[in-house]
Amino acid sequence: MRRFHIAAFVSLAIFAAAPVQAQDAAAGEKIFRKCTACHQVGEGAKNKAGPVLTDVIGRTAGTFEGYSYGKSMRAAGAAGLVWNSENIFNYLFNPKDFLRAFLDDPKAKAKMKFRLKDEQDRRDVIAYLSSFQMAMAAPVNGFCVTNQSQLTHVFAVDAGDAGRKVQELAPGETLCTTESDAPQNGFVSVFETPEHAEGCSRLITAGNTEGMVKYADFDRCEWASHSS
């Protein structure tokens, strides 16, 4: 089992332990300008000194096609590192220390030297990157919901007899039903926190992915299909 040094483990736990705070994609776009010397994101983005960051959330580390990753990043990907919001948050604080802790290798190196120390700046950049997520394909005869808002919320997908799944999703993350032998229509629901009983629900048909753009209690959420 991979071991973490105590100090590194405490650092990596900051994001998970901290209360959910607002993320501002517009502010993140401004902060991301510091990153554009090395990274591109969006339609037509190309690898530069760093890899393309379009659809980075949910990507296995060290796997974007055509980019020459360092040995440590490739090793982290092989060891199971996936770029979820928490990992990006901690990586941005200190890339080298993050990889050394994840790999339990004091000699691990990061090609990225830039650090983003301010916690809110990191959250905002993650919100900005989340806005460039490609829609996840729904499973066979199932459906999905994606958190397209700027905050973490609790989501549920309910396919009746096929089962219900509940998960907290950070911005850009997706929850799907399981595959089924027959088409399963159902509901996607979202709640502000695990303690909230009131939220939003929306009927969805098999083969589709719905996006929750902005949360509001009492079925007043803004959904991506509203503007489609």
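Restricting attention to the stretch 163-178, the residues being over 17 Å from T193 (Cα atoms) and surrounded by fewer than 21 Cβ atoms within 10 Å (Cβ to Cβ) number 4. When you check R115 against the structure, is it outside any loop (DSSP other than H, G, I, E, B), at pLDDT 90 or above, assigned by TED's automatic domain parsing to the domain that holds K30 and surrounded by fewer than 18 Cβ atoms within 10 Å (Cβ to Cβ), yes or no? The answer is no for R115. Condition test on R123, is it surrounded by fewer than 21 Cβ atoms within 10 Å (Cβ to Cβ), among the charged types (D, E, K, R) and under 27 Å from E198 (Cβ atoms)? Taking the combined requirement at face value, the residue does not satisfy it.
In this structure, Y128 qualifies as aromatic (F, W, Y), modelled with pLDDT under 95 and either assigned to a helix (DSSP H, G or I) or buried (at least 19 other Cβ atoms within 10 Å of the Cβ) (or both).
Residue-by-condition table, conditions (1) among the hydroxyl-bearing types (S, T, Y); (2) in contact with a strand residue (DSSP E or B) (Cβ under 6 Å, 6 or more places away or on another chain); (3) in the same structural domain as R123 (by TED's automatic domain parsing); (4) surrounded by fewer than 18 Cβ atoms within 10 Å (Cβ to Cβ):
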position	(1), (2), (3), (4)
Q40	no, no, yes, yes
T54	yes, no, yes, no
A61	no, no, yes, no
S68	yes, no, yes, yes
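Regarding A137, is this residue closer than 24 Å to W83 by Cβ and loosely packed, with under 15 Cβ neighbours inside 10 Å?
Spelling it out, A137 is indeed closer than 24 Å to W83 by Cβ and loosely packed, with under 15 Cβ neighbours inside 10 Å.
Screening the stretch 179-191 for residues that are crowded, with 20+ Cβ neighbours inside 10 Å and farther than 30 Å from A26 by Cβ and picking the one that is modelled with the highest pLDDT gives G186.
Among the residues of the stretch 133-158, the ones that are in a loop (DSSP other than H, G, I, E, B), at pLDDT 85 or above and more than 9 Å from T178 (Cα to Cα) come to 1 in all. Note on the stretch 52-108: residues that are closer than 21 Å to F32 by Cα, in contact with a Gly (Cβ under 9 Å, 6 or more places away or on another chain), at pLDDT 95 or above and part of a helix (DSSP H, G or I) total 0.
Out of the residues in the stretch 192-219 that are buried (at least 20 other Cβ atoms within 10 Å of the Cβ) and of a type in the set (A, V, I, L, M, F, W, C), which is nearest to the chain's Cα centre (by Cα)? Among them, the one singled out is M212. The set of residues in the stretch 181-228 that are among the aromatic types (F, W, Y) and part of a strand (DSSP E or B) comprises F187, F191, W223. As a summary of the residue check, K96 satisfies the conditions (1) assigned by TED's automatic domain parsing to the domain that holds R74; (2) in contact (Cβ under 8 Å) with a residue 24 or more places away in the chain except for the one numbered (2).
D104 falls short on exactly one of the conditions (1) within 30 Å of W223 (Cα to Cα); (2) surrounded by fewer than 20 Cβ atoms within 10 Å (Cβ to Cβ), and that condition is (1). Within the set Q167, Q120, the sole residue that is under 18 Å from the mean Cα position of the chain (by Cα), over 30 Å from G44 (Cβ atoms) and not aliphatic (A, V, I, L, M) turns out to be Q167.
The values are calculated or read from the model by the stated rules, or taken from the named source; none is laboratory data. Treat the numbers as computed from the prediction; the structure is a model and nothing was measured. Please note: Cβ atoms are built from the backbone with ideal geometry, for glycine as well, and neighbour counts cover all protein chains shown.
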